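The values are calculated or read from the model by the stated rules, or taken from the named source; none is laboratory data. Keep in mind that this is a model prediction, so the values were computed, not measured. Quick reminder, even Gly has a Cβ in these numbers, built from the backbone with ideal geometry, and neighbours come from all protein chains shown. Each accessible area value is taken on the protein alone, full model and side chains, heavy atoms only, with ligands, DNA and RNA left out. Shrake-Rupley method; radii C 1.70, N 1.55, O 1.52, S 1.80 Å.
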Amino acid sequence: MTCSIQTIISDAIVIRRDIHAHPELAYQEHRTAALVADALNALSMEVQTGIGGTGVVGTLRRGTSSRSIGLRADMDALPFQEEGCSAHASTAPGIFHGCGHDGHTAMLLGAARHLATQGHFDGIVHFIFQPAEEGLGGAKAMIEDGLFDRYPCDAVFALHNWPDLPAGTIHTKPGPIMAAGDKFEIVITGKGGHAAQPHHTPDAILTAASVITQLNTIVSRRVPPTELAVLSVTKMEGGQTHSVMPAQVRLTGTVRSFNPAVQDIIEGAMREIAAGTATATGTAIEVIYTRYYPATINDPQAAQAALAAARLVTPDVAEAPHPAFTSEDFAFMLQRCPGAYIWLGQGEGQSPPPLHNPFYDFNDAVIGTGIGWFSALASTLLPAE
Ligand SMILES: [Zn+2]
Ligand SMILES: [Zn+2]
(Lines give C-alpha, C1' and ligand atoms only; values in the text may rest on other atoms or scores of the structure.)
(Ligands and ions follow the chains in the order given, each with its own letter.)
Protein backbone atom coordinates (compact mmCIF):
# COMPACT_ATOMS: atom_id res chain seq x y z
CA MET A 1 0.00 0.00 0.00
CA THR A 2 1.47 3.32 -1.05
CA CYS A 3 0.90 6.36 1.12
CA SER A 4 2.00 9.94 0.67
CA ILE A 5 5.05 11.26 2.47
CA GLN A 6 2.79 13.84 4.14
CA THR A 7 0.69 11.02 5.64
CA ILE A 8 3.84 9.20 6.81
CA ILE A 9 5.15 12.40 8.44
CA SER A 10 1.88 13.27 10.17
CA ASP A 11 1.49 9.70 11.45
CA ALA A 12 5.11 9.76 12.69
CA ILE A 13 4.32 12.93 14.66
CA VAL A 14 1.38 11.15 16.32
CA ILE A 15 3.67 8.22 17.20
CA ARG A 16 6.38 10.59 18.50
CA ARG A 17 3.95 12.31 20.85
CA ASP A 18 2.53 8.99 22.02
CA ILE A 19 6.04 7.73 22.89
CA HIS A 20 6.80 11.07 24.57
CA ALA A 21 3.70 10.75 26.76
CA HIS A 22 4.72 7.19 27.77
CA PRO A 23 8.49 7.34 28.41
CA GLU A 24 10.37 4.27 29.65
CA LEU A 25 13.80 3.95 31.27
CA ALA A 26 16.74 1.88 30.04
CA TYR A 27 15.96 -1.81 29.45
CA GLN A 28 12.34 -1.20 30.48
CA GLU A 29 11.19 0.01 27.04
CA HIS A 30 8.54 -2.73 26.81
CA ARG A 31 5.64 -0.57 25.61
CA THR A 32 7.88 1.29 23.15
CA ALA A 33 9.44 -1.93 21.81
CA ALA A 34 5.95 -3.45 21.36
CA LEU A 35 4.80 -0.33 19.51
CA VAL A 36 7.89 -0.55 17.25
CA ALA A 37 7.44 -4.29 16.61
CA ASP A 38 3.73 -3.83 15.81
CA ALA A 39 4.51 -1.03 13.35
CA LEU A 40 7.21 -3.12 11.60
CA ASN A 41 5.00 -6.22 11.54
CA ALA A 42 2.24 -4.15 9.92
CA LEU A 43 4.73 -3.54 7.08
CA SER A 44 5.22 -7.32 6.67
CA MET A 45 8.87 -7.14 7.67
CA GLU A 46 10.90 -9.86 9.36
CA VAL A 47 10.85 -8.65 12.98
CA GLN A 48 12.85 -9.87 15.98
CA THR A 49 12.27 -8.56 19.51
CA GLY A 50 14.21 -9.06 22.75
CA ILE A 51 17.68 -8.46 21.32
CA GLY A 52 20.01 -7.19 24.06
CA GLY A 53 17.04 -6.85 26.41
CA THR A 54 14.32 -4.80 24.76
CA GLY A 55 15.99 -4.19 21.38
CA VAL A 56 14.05 -4.74 18.14
CA VAL A 57 15.28 -5.30 14.57
CA GLY A 58 13.12 -5.19 11.45
CA THR A 59 14.56 -6.37 8.12
CA LEU A 60 13.38 -5.21 4.71
CA ARG A 61 14.64 -6.86 1.52
CA ARG A 62 14.31 -5.62 -2.06
CA GLY A 63 15.67 -7.06 -5.28
CA THR A 64 18.51 -9.56 -5.37
CA SER A 65 21.54 -7.78 -3.95
CA SER A 66 23.08 -8.98 -0.69
CA ARG A 67 24.39 -5.51 0.16
CA SER A 68 23.05 -4.34 3.49
CA ILE A 69 22.85 -1.29 5.70
CA GLY A 70 21.75 -0.80 9.30
CA LEU A 71 19.76 2.25 10.44
CA ARG A 72 19.62 2.74 14.18
CA ALA A 73 17.40 4.62 16.64
CA ASP A 74 17.39 4.66 20.45
CA MET A 75 14.20 4.21 22.52
CA ASP A 76 14.99 5.06 26.16
CA ALA A 77 14.02 8.09 28.26
CA LEU A 78 15.78 9.76 31.22
CA PRO A 79 15.11 9.55 34.97
CA PHE A 80 14.07 13.15 35.61
CA GLN A 81 10.91 15.22 35.72
CA GLU A 82 9.59 17.06 32.64
CA GLU A 83 8.57 20.64 33.38
CA GLY A 84 6.97 21.53 30.04
CA CYS A 85 3.20 21.24 29.83
CA SER A 86 2.42 20.25 26.24
CA ALA A 87 -0.62 18.08 25.52
CA HIS A 88 1.79 15.14 25.06
CA ALA A 89 3.78 15.76 28.27
CA SER A 90 5.10 12.73 30.15
CA THR A 91 2.48 10.76 32.07
CA ALA A 92 5.19 8.90 34.02
CA PRO A 93 6.36 10.85 37.08
CA GLY A 94 10.13 11.35 37.08
CA ILE A 95 10.63 9.85 33.61
CA PHE A 96 11.05 12.06 30.57
CA HIS A 97 12.13 11.94 26.91
CA GLY A 98 14.55 14.78 27.57
CA CYS A 99 16.98 13.71 24.83
CA GLY A 100 14.57 13.27 21.92
CA HIS A 101 14.85 9.50 21.53
CA ASP A 102 11.06 9.59 21.04
CA GLY A 103 11.75 11.57 17.86
CA HIS A 104 14.56 9.24 16.74
CA THR A 105 12.29 6.18 17.11
CA ALA A 106 9.38 7.86 15.31
CA MET A 107 11.62 9.00 12.42
CA LEU A 108 13.12 5.54 11.92
CA LEU A 109 9.61 4.01 11.95
CA GLY A 110 8.59 6.65 9.39
CA ALA A 111 11.57 5.70 7.20
CA ALA A 112 10.67 2.00 7.56
CA ARG A 113 7.15 2.76 6.35
CA HIS A 114 8.40 4.97 3.52
CA LEU A 115 10.93 2.38 2.32
CA ALA A 116 8.51 -0.55 2.74
CA THR A 117 5.71 1.13 0.82
CA GLN A 118 7.62 2.98 -1.90
CA GLY A 119 11.36 2.46 -1.41
CA HIS A 120 13.41 2.12 -4.58
CA PHE A 121 16.53 0.15 -3.66
CA ASP A 122 18.20 -3.23 -4.20
CA GLY A 123 19.51 -4.89 -1.05
CA ILE A 124 18.76 -5.29 2.65
CA VAL A 125 17.92 -2.64 5.24
CA HIS A 126 18.02 -3.54 8.94
CA PHE A 127 16.05 -1.12 11.17
CA ILE A 128 17.72 -1.32 14.59
CA PHE A 129 15.86 0.00 17.65
CA GLN A 130 18.14 -0.12 20.67
CA PRO A 131 17.44 0.12 24.40
CA ALA A 132 19.39 2.00 27.04
CA GLU A 133 21.45 4.60 25.16
CA GLU A 134 21.62 6.89 28.21
CA GLY A 135 24.70 5.51 29.95
CA LEU A 136 23.75 1.84 30.19
CA GLY A 137 25.15 0.47 26.95
CA GLY A 138 22.11 -0.86 25.07
CA ALA A 139 24.07 -0.89 21.80
CA LYS A 140 26.76 -3.02 23.43
CA ALA A 141 24.09 -5.35 24.83
CA MET A 142 22.60 -5.82 21.35
CA ILE A 143 26.06 -6.49 19.85
CA GLU A 144 26.81 -9.05 22.58
CA ASP A 145 23.47 -10.65 21.75
CA GLY A 146 24.71 -11.17 18.19
CA LEU A 147 23.33 -8.09 16.43
CA PHE A 148 25.90 -7.96 13.63
CA ASP A 149 26.22 -11.76 13.38
CA ARG A 150 22.46 -12.14 12.91
CA TYR A 151 22.08 -8.94 10.85
CA PRO A 152 25.37 -8.30 9.01
CA CYS A 153 25.62 -4.70 7.80
CA ASP A 154 28.07 -3.25 5.28
CA ALA A 155 27.55 0.10 7.00
CA VAL A 156 25.47 1.42 9.89
CA PHE A 157 24.05 4.92 10.44
CA ALA A 158 22.37 6.89 13.21
CA LEU A 159 21.37 10.46 14.00
CA HIS A 160 20.85 12.64 17.03
CA ASN A 161 18.66 15.73 17.12
CA TRP A 162 20.78 18.78 17.89
CA PRO A 163 19.19 21.88 19.48
CA ASP A 164 22.38 23.93 18.89
CA LEU A 165 21.85 23.78 15.10
CA PRO A 166 18.97 25.42 13.21
CA ALA A 167 15.99 23.15 12.53
CA GLY A 168 16.50 20.89 9.50
CA THR A 169 20.27 21.40 9.26
CA ILE A 170 22.44 18.28 8.97
CA HIS A 171 26.08 18.27 10.11
CA THR A 172 28.66 15.55 10.49
CA LYS A 173 32.35 14.96 9.87
CA PRO A 174 34.77 12.13 9.15
CA GLY A 175 36.60 10.78 12.20
CA PRO A 176 35.69 11.69 15.79
CA ILE A 177 32.16 13.11 16.17
CA MET A 178 31.36 12.37 19.86
CA ALA A 179 33.70 11.86 22.81
CA ALA A 180 34.65 8.85 24.88
CA GLY A 181 32.84 9.03 28.22
CA ASP A 182 34.75 7.95 31.34
CA LYS A 183 33.63 8.36 34.94
CA PHE A 184 35.72 8.32 38.07
CA GLU A 185 35.17 8.06 41.77
CA ILE A 186 37.92 8.92 44.24
CA VAL A 187 37.52 7.77 47.84
CA ILE A 188 39.73 9.58 50.35
CA THR A 189 39.86 7.83 53.70
CA GLY A 190 41.37 9.42 56.83
CA LYS A 191 40.56 8.38 60.36
CA GLY A 192 37.95 10.79 61.66
CA GLY A 193 38.28 12.73 64.89
CA HIS A 194 37.72 15.97 66.76
CA ALA A 195 37.92 19.09 64.63
CA ALA A 196 39.73 20.86 67.47
CA GLN A 197 42.52 18.26 67.35
CA PRO A 198 43.51 18.13 63.66
CA HIS A 199 46.96 16.80 64.59
CA HIS A 200 45.34 13.49 65.57
CA THR A 201 43.71 12.65 62.23
CA PRO A 202 44.49 13.03 58.53
CA ASP A 203 42.21 15.71 57.07
CA ALA A 204 40.14 14.07 54.33
CA ILE A 205 38.45 17.38 53.42
CA LEU A 206 41.71 19.28 52.93
CA THR A 207 43.10 16.30 51.02
CA ALA A 208 40.04 16.33 48.74
CA ALA A 209 40.59 20.03 48.05
CA SER A 210 44.19 19.31 47.09
CA VAL A 211 43.18 16.39 44.86
CA ILE A 212 40.58 18.52 43.05
CA THR A 213 43.16 21.24 42.39
CA GLN A 214 45.67 18.74 41.06
CA LEU A 215 43.05 16.97 38.89
CA ASN A 216 42.46 20.30 37.20
CA THR A 217 46.09 20.40 36.07
CA ILE A 218 45.89 17.10 34.18
CA VAL A 219 44.31 18.40 30.97
CA SER A 220 46.43 21.58 30.92
CA ARG A 221 49.79 20.05 31.98
CA ARG A 222 49.76 16.34 31.14
CA VAL A 223 47.69 16.03 27.96
CA PRO A 224 49.46 17.26 24.80
CA PRO A 225 47.94 20.61 23.74
CA THR A 226 47.17 19.18 20.30
CA GLU A 227 44.67 16.75 21.87
CA LEU A 228 41.11 17.45 23.03
CA ALA A 229 40.01 16.51 26.55
CA VAL A 230 37.77 17.64 29.41
CA LEU A 231 37.95 16.64 33.08
CA SER A 232 35.21 17.82 35.45
CA VAL A 233 34.75 17.04 39.15
CA THR A 234 30.99 17.05 39.57
CA LYS A 235 30.24 15.73 43.05
CA MET A 236 31.86 15.98 46.50
CA GLU A 237 30.48 14.18 49.53
CA GLY A 238 31.76 14.16 53.09
CA GLY A 239 31.28 15.48 56.57
CA GLN A 240 28.42 15.70 59.08
CA THR A 241 28.84 18.68 61.38
CA HIS A 242 31.15 21.54 62.36
CA SER A 243 33.09 19.76 65.08
CA VAL A 244 33.87 16.41 63.47
CA MET A 245 36.65 15.67 60.99
CA PRO A 246 35.05 13.16 58.60
CA ALA A 247 36.70 9.81 58.10
CA GLN A 248 35.90 9.78 54.38
CA VAL A 249 35.31 12.12 51.44
CA ARG A 250 34.16 10.93 47.99
CA LEU A 251 34.69 12.77 44.73
CA THR A 252 32.97 11.93 41.44
CA GLY A 253 33.46 13.29 37.96
CA THR A 254 33.73 12.70 34.24
CA VAL A 255 36.45 12.67 31.60
CA ARG A 256 35.78 13.20 27.88
CA SER A 257 38.34 12.64 25.12
CA PHE A 258 38.73 11.23 21.61
CA ASN A 259 41.89 9.14 21.75
CA PRO A 260 42.51 6.02 23.88
CA ALA A 261 46.12 7.22 24.43
CA VAL A 262 44.73 10.37 26.06
CA GLN A 263 42.46 8.25 28.26
CA ASP A 264 45.59 6.34 29.36
CA ILE A 265 47.42 9.60 30.17
CA ILE A 266 44.51 10.97 32.20
CA GLU A 267 43.80 7.78 34.13
CA GLY A 268 47.52 7.30 34.80
CA ALA A 269 47.94 10.89 36.03
CA MET A 270 44.89 10.54 38.25
CA ARG A 271 46.32 7.44 39.89
CA GLU A 272 49.75 9.13 40.38
CA ILE A 273 48.12 12.17 41.99
CA ALA A 274 46.09 9.91 44.28
CA ALA A 275 49.10 7.83 45.33
CA GLY A 276 51.36 10.86 45.89
CA THR A 277 48.72 12.81 47.81
CA ALA A 278 47.89 9.80 49.97
CA THR A 279 51.54 9.50 50.96
CA ALA A 280 51.86 13.21 51.65
CA THR A 281 48.69 13.46 53.75
CA GLY A 282 48.53 10.13 55.54
CA THR A 283 45.20 9.26 53.96
CA ALA A 284 44.33 6.24 51.81
CA ILE A 285 43.03 7.18 48.36
CA GLU A 286 41.23 4.76 46.07
CA VAL A 287 40.54 5.58 42.40
CA ILE A 288 37.73 3.79 40.56
CA TYR A 289 38.03 4.73 36.88
CA THR A 290 35.46 3.40 34.38
CA ARG A 291 35.59 3.83 30.60
CA TYR A 292 31.90 3.35 29.81
CA TYR A 293 31.57 4.65 26.23
CA PRO A 294 34.37 4.82 23.64
CA ALA A 295 34.66 7.77 21.25
CA THR A 296 32.21 7.77 18.33
CA ILE A 297 34.43 7.65 15.23
CA ASN A 298 32.86 8.08 11.80
CA ASP A 299 34.27 6.12 8.91
CA PRO A 300 35.42 8.78 6.38
CA GLN A 301 33.65 7.18 3.40
CA ALA A 302 30.44 6.60 5.38
CA ALA A 303 30.51 10.20 6.63
CA GLN A 304 30.67 11.41 3.01
CA ALA A 305 27.80 9.05 2.11
CA ALA A 306 25.79 10.44 5.05
CA LEU A 307 26.40 14.02 3.84
CA ALA A 308 25.51 13.07 0.24
CA ALA A 309 22.21 11.51 1.40
CA ALA A 310 21.53 14.62 3.49
CA ARG A 311 21.95 16.88 0.44
CA LEU A 312 19.07 15.04 -1.21
CA VAL A 313 16.68 16.13 1.55
CA THR A 314 17.89 19.55 2.72
CA PRO A 315 20.10 22.36 1.39
CA ASP A 316 21.41 23.02 4.91
CA VAL A 317 24.21 20.45 5.01
CA ALA A 318 27.76 21.05 6.19
CA GLU A 319 30.83 19.30 7.47
CA ALA A 320 30.94 19.86 11.23
CA PRO A 321 34.02 21.91 12.22
CA HIS A 322 34.69 19.90 15.38
CA PRO A 323 33.28 16.99 17.41
CA ALA A 324 31.08 17.34 20.50
CA PHE A 325 32.20 16.34 24.00
CA THR A 326 28.98 14.48 24.74
CA SER A 327 29.17 10.69 24.37
CA GLU A 328 27.08 8.17 22.52
CA ASP A 329 26.44 4.47 22.79
CA PHE A 330 26.42 4.16 18.97
CA ALA A 331 30.23 4.24 19.35
CA PHE A 332 30.12 0.49 20.07
CA MET A 333 28.35 -0.16 16.76
CA LEU A 334 30.96 1.90 14.90
CA GLN A 335 33.71 -0.18 16.51
CA ARG A 336 32.17 -3.27 14.91
CA CYS A 337 30.92 -1.90 11.59
CA PRO A 338 31.92 1.12 9.48
CA GLY A 339 29.32 3.86 9.49
CA ALA A 340 28.49 7.41 10.45
CA TYR A 341 26.53 9.45 12.97
CA ILE A 342 24.99 12.81 12.12
CA TRP A 343 23.42 15.73 13.95
CA LEU A 344 19.98 16.83 12.78
CA GLY A 345 19.44 20.45 13.80
CA GLN A 346 16.19 21.08 15.62
CA GLY A 347 16.72 24.49 17.19
CA GLU A 348 14.08 27.21 16.79
CA GLY A 349 14.54 30.79 18.04
CA GLN A 350 17.32 32.31 20.09
CA SER A 351 17.95 29.78 22.84
CA PRO A 352 16.01 26.53 22.48
CA PRO A 353 16.13 24.29 25.58
CA PRO A 354 19.22 22.07 25.34
CA LEU A 355 19.21 18.27 25.53
CA HIS A 356 18.51 16.98 29.07
CA ASN A 357 16.78 20.26 30.06
CA PRO A 358 13.41 19.85 31.87
CA PHE A 359 11.71 22.04 29.22
CA TYR A 360 13.23 20.23 26.23
CA ASP A 361 10.83 18.77 23.64
CA PHE A 362 11.68 17.12 20.32
CA ASN A 363 10.87 19.46 17.41
CA ASP A 364 8.30 17.71 15.20
CA ALA A 365 9.10 20.13 12.35
CA VAL A 366 12.24 18.10 11.54
CA ILE A 367 10.60 14.67 11.43
CA GLY A 368 10.29 14.80 7.63
CA THR A 369 14.00 15.62 7.25
CA GLY A 370 14.98 12.68 9.46
CA ILE A 371 12.71 10.27 7.58
CA GLY A 372 14.10 11.62 4.31
CA TRP A 373 17.72 11.15 5.40
CA PHE A 374 17.28 7.57 6.57
CA SER A 375 15.39 6.75 3.35
CA ALA A 376 17.97 8.48 1.14
CA LEU A 377 20.74 6.32 2.65
CA ALA A 378 18.94 3.22 1.35
CA SER A 379 18.40 4.62 -2.13
CA THR A 380 21.96 5.94 -2.49
CA LEU A 381 23.91 3.10 -0.85
CA LEU A 382 21.75 0.28 -2.22
CA PRO A 383 20.92 1.66 -5.68
CA ALA A 384 18.46 -0.26 -7.84
CA GLU A 385 19.31 -0.71 -11.52
ZN1 LIG B 1 20.90 12.07 26.24
ZN1 LIG C 1 20.31 11.15 23.28
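Listed by first and then second residue, the pairs with beta-carbon distance under 9 Å, at least 6 apart or on different chains, first residue in segment 17-29 and over 8 Å from Asp76 (Cα atoms), second open to solvent by 60 Å² or more (accessible area, probe 1.4 Å), are Arg17/Ala87; Ile19/Arg31; Ala21/Ala87; Ala21/Thr91; His22/Arg31; His22/Thr91.
When you look at Gly135, is it in the same structural domain as Ile19 (by TED's automatic domain parsing), open to solvent by 20 Å² or more (accessible area, probe 1.4 Å) and within 16 Å of ligand 1 (Cβ to nearest atom), yes or no? It is true that Gly135 is in the same structural domain as Ile19 (by TED's automatic domain parsing), open to solvent by 20 Å² or more (accessible area, probe 1.4 Å) and within 16 Å of ligand 1 (Cβ to nearest atom). How about segment 90-106: which of its residues are in a loop (DSSP other than H, G, I, E, B) and over 14 Å from the mean Cα position of the chain (by Cα)? Selection gives Ser90, Thr91, Ala92, Pro93, Gly94, Ile95.
Among the residues of segment 82-121, write down those that are among the charged types (D, E, K, R) and within 16 Å of ligand 2 (Cβ to nearest atom). Steps first, answer last, please.
So the first thing to find is which residues in segment 82-121 are among the charged types (D, E, K, R), and the list is 82-83, 102, 113.
Scanning segment 82-121 gives Glu82, Asp102.
Filtering segment 260-283 to residues that are free of Cβ contacts under 8 Å to residues at least 12 places away in the same chain and either among the acidic types (Asp, Glu) or outside any helix (DSSP H, G or I) (or both) leaves Asp264, Glu272.
When Pro315, Pro300, Pro321 are checked against the criterion of being free of Cβ contacts under 8 Å to residues at least 24 places away in the same chain and surrounded by fewer than 16 Cβ atoms within 10 Å (Cβ to Cβ), a single residue qualifies: Pro315. Taking segment 359-372 as the range and being open to solvent by 40 Å² or more (accessible area, probe 1.4 Å) and within 16 Å of ligand 1 (Cβ to nearest atom) as the test, the residues that pass are Phe359, Asp361.
Just one of the numbered conditions (1) on the phi > 0 side of the Ramachandran plot; (2) open to solvent by less than 20 Å² (accessible area, probe 1.4 Å) is not true of Gly53: (2).
Taking segment 69-81 as the search range and keeping residues that are of a type in the set (A, V, I, L, M, F, W, C) and under 15 Å from Gln130 (Cβ atoms), which one is farthest from ligand 2 (Cβ to nearest atom)? Give the derivation first.
Let us first name the residues in segment 69-81 that are of a type in the set (A, V, I, L, M, F, W, C), namely 69, 71, 73, 75, 77-78, 80.
When the remaining residues are screened for being under 15 Å from Gln130 (Cβ atoms), the result is 71, 73, 75, 77.
Working: Leu71: 16, Ala73: 10, Met75: 11, Ala77: 10 Å.
Per the criteria, the residue is Leu71.
The set of residues in segment 194-205 that are within 36 Å of the chain's Cα centre (by Cα) and open to solvent by 30 Å² or more (accessible area, probe 1.4 Å) contains only Ile205.
Please tell me if Phe148 is in contact (Cβ under 8 Å) with a residue 60 or more places away in the chain and loosely packed, with under 15 Cβ neighbours inside 10 Å. For Phe148, the condition - in contact (Cβ under 8 Å) with a residue 60 or more places away in the chain and loosely packed, with under 15 Cβ neighbours inside 10 Å - is not met.
The residues of segment 210-237 that are in a strand (DSSP E or B) and buried (at least 18 other Cβ atoms within 10 Å of the Cβ), listed by number, are Ala229, Leu231. Of all residues in segment 238-259, those that are closer than 21 Å to Tyr292 by Cα and not in a strand (DSSP E or B) total 2. Might you check whether a residue that is modelled with pLDDT of 95 or more, more than 16 Å from Pro163 (Cα to Cα) and within 16 Å of ligand 2 (Cβ to nearest atom) occurs anywhere in segment 296-309? Yes: one or more hits. From the list Val36, Val14, the lone residue that is under 27 Å from the mean Cα position of the chain (by Cα), of a type in the set (A, V, I, L, M, F, W, C), closer than 12 Å to Pro131 by Cβ and in a helix (DSSP H, G or I) is Val36. Restricting Thr290, Thr281, Thr241, Thr252 to those that are hydroxyl-bearing (Ser, Thr, Tyr) and touching a Pro at 6+ places or on another chain (Cβ under 6 Å) reduces the list to Thr281.
Count, please, the residues in segment 329-358 that happen to be among the aromatic types (Phe, Trp, Tyr) and open to solvent by less than 10 Å² (accessible area, probe 1.4 Å). Before the answer, list the steps.
Keep residues of segment 329-358 that are among the aromatic types (Phe, Trp, Tyr), which gives 330, 332, 341, 343.
So of that shortlist, the ones also open to solvent by less than 10 Å² (accessible area, probe 1.4 Å) come out as 330, 341.
Within segment 329-358, residues that are among the aromatic types (Phe, Trp, Tyr) and open to solvent by less than 10 Å² (accessible area, probe 1.4 Å) number 2.
For segment 317-333, filtering for residues that are more than 23 Å from Ile128 (Cα to Cα) and either out of contact with any helix residue (DSSP H, G or I) (no Cβ under 9 Å at 6 or more places or on another chain) or of a type in the set (Gly, Ala, Ser) (or both) leaves 7.
For segment 286-348, please list each of the strands (runs of 3 or more DSSP E) lying entirely inside it that holds at least 1 residues being in contact with a His (Cβ under 7 Å, 6 or more places away or on another chain).
Numbers: elements: 296-298, 317-319, 339-347.
Passing ranges, in order: 317-319, 339-347.
Residue check: is Leu377 open to solvent by less than 50 Å² (accessible area, probe 1.4 Å) and either away from ligand 2 (no atom under 16 Å from the Cβ) or in contact with a helix residue (DSSP H, G or I) (Cβ under 6 Å, 6 or more places away or on another chain) (or both)? Break it down stepwise before answering.
Values: open to solvent by less than 50 Å² (accessible area, probe 1.4 Å): yes; either away from ligand 2 (no atom under 16 Å from the Cβ) or in contact with a helix residue (DSSP H, G or I) (Cβ under 6 Å, 6 or more places away or on another chain) (or both): yes.
Answer is yes for this residue.
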